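Reading through the C-alpha cells given below for one structure.
Taken together, the values in this text are just the output of simple stated rules run on the coordinates, not laboratory data. As the structure is a prediction and not an experimental result, all values here were calculated from the model. When we count neighbours, we look across all protein chains shown, and the Cβ atoms used for this are built from the backbone with ideal geometry, even at glycine.
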Amino acid sequence: MKQDKRGILVVFSGFSGAGKGTVMAELLRRYPEYYALSISATTRQPRVNEQDGREYFFKTREEFEKMIAKNELIEYALYVENYYGTPKAYVEEQLAAGKDVILEIETQGALKVKQMLPDTLFLFVTPNDAATLKKRLLGRGTESEEAVNQRLLKALEEVNEVIAYDYLIFNDTVEECVEEVHSMIQREHRSVSRNGEFLAKMKEDLLGLSKGE
Ligand code: 5GP
C-alpha cells in the first residue's frame, strides 16, 4: 500500500553510455502505472531512430532560450555544446497525480534540482568499469571516435559530482538494474520523512482509541 499520495521526483543520472535510456525504457515498460518519464527539450540534433516528442522535444537555440526566459524549465544545462532542459508543467502534473517522475538528466542539472527540490531521490547509474563504458559508447556506433573521447572526458568530470547523489546503480544486466531501481524508489516511499501525514493520523487515532472512542 502506498502511504504518501504525491509522487516522488527521481533524478536518474549516469555516465553517457552507461545504459540509462535502456534501463528507463524497460522500467516504464514493466511498471507503467508507477512511473512517468519526463521528456526533455534539447538543441542537439536527433539521432537516427529518435522522434520529436518521444526521446526529446527537439528545439532550435532560439526556441530553447525562449523557454528559459518564460521560466518554463525546472532546470537546464549546457552539455557538450547543446542545451538540455526539463519542462516544468508535465512533471508537476504527474507528481500531483501520484506518479513517481523520473528525470534522466546530467549532473549540472541534477545539482540545480538538488538546490531547488532537496527531497528528490538521486540515483547514479554506472557500468562496472571505465573500459566497459568506452566499449558501450563505441558500440552504439552513432558517434565519431572524437565525440566518444569527448564523452569520456565528460564522464571524468562527472565522477567528482557523484557525491551529491544518494545511491549508485550498477548496470550489469538490464533486468537486475531495473528491479534495483524499482525497489529503491518503492523503498523511498516508506521513508519516515515522507510519511508525516500517516504518522499524524496514527497519533490522532491512537489517542482516540486509548480514550475508548
Ligand atoms: P544525449 O545527448 O546522450 O541524449 O544526452 C546527453 C546528456 O544530457 C545525458 O547525460 C542526459 O541524461 C542529459 N540530459 C537529457 N535531458 C536533460 C535535461 O533535461 N536536463 C539536463 N540537465 N540534462 C539532460
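Could you tell me which of rounded, prolate or oblate describes region 1-61, using a ≥ b ≥ c as the square roots of the eigenvalues of the alpha-carbon gyration tensor, with rounded for a/c under 1.5 and, failing that, prolate when a/b is larger than b/c and oblate otherwise?
prolate
Only helical DSSP H runs with n ≥ 4 go in: add -39500 (n - 2.57) per run for the chain, normalise by residue count and round the 222 nm mean residue ellipticity to 500 deg cm²/dmol.
-14000 deg cm²/dmol
Can you tell me how much longer the chain between E81 and Q150 gets when fully stretched, taken as 0.36 nm per residue apart minus their C-alpha distance, in nm with one decimal?
Roughly 23.7 nm would be gained on extension.
Let me know the shape class of region 151-204, please: from the alpha-carbon gyration tensor, a ≥ b ≥ c as square roots of the eigenvalues, rounded when a/c is under 1.5, otherwise prolate if a/b is greater than b/c, or oblate.
Oblate, since a/c reaches 1.5 and b/c is not below a/b.
What is the Cα centroid distance between region 141-213 and region 34-85, reported in whole angstrom?
Each part reduced to its Cα centre gives a spacing of 23 Å.
Between N49 and R140, what length in nm is gained on full extension when 0.36 nm per residue of separation is reduced by their alpha carbon distance?
Net length gain for the segment: 31.5 nm.
Using r as the Cβ-Cβ distance of L117 and A89, and R0 as 22 Å, what FRET efficiency do you calculate, to the nearest 0.05?
About 0.90, to the nearest 0.05.
Determine the gain in length on full extension of the stretch E179-T132; use 0.36 nm per residue of separation and subtract their C-alpha separation, reporting nm with one decimal.
Gain on stretching E179 to T132: 14.8 nm.
What would the Debye formula give as log10 I(q)/I(0) at q = 0.17 Å⁻¹ for the alpha-carbon point model of region 62-105, no solvent?
The Cα Debye sum returns log10 ratios of -0.52.
With no solvent and one equal point scatterer placed on each C-alpha of the chain, evaluate the Debye formula and give log10 I(q)/I(0) for q = 0.08, 0.15 Å⁻¹, two decimals.
-0.32, -1.01
What order do you get for 94-105, 188-199 when each peptide is scored by the mean count of other beta carbon atoms within 10 Å, highest first?
Put in order of decreasing packing, that is 94-105, 188-199.
Hey, what do the phi angles of region 136-151 turn into as Karplus ³J(HN,Hα) couplings, whole Hz, using 6.51/-1.76/1.60 and θ = phi - 60°, x for Gly and Pro?
5, 5, 5, x, 5, x, 9, 10, 5, 4, 5, 5, 5, 5, 5, 5
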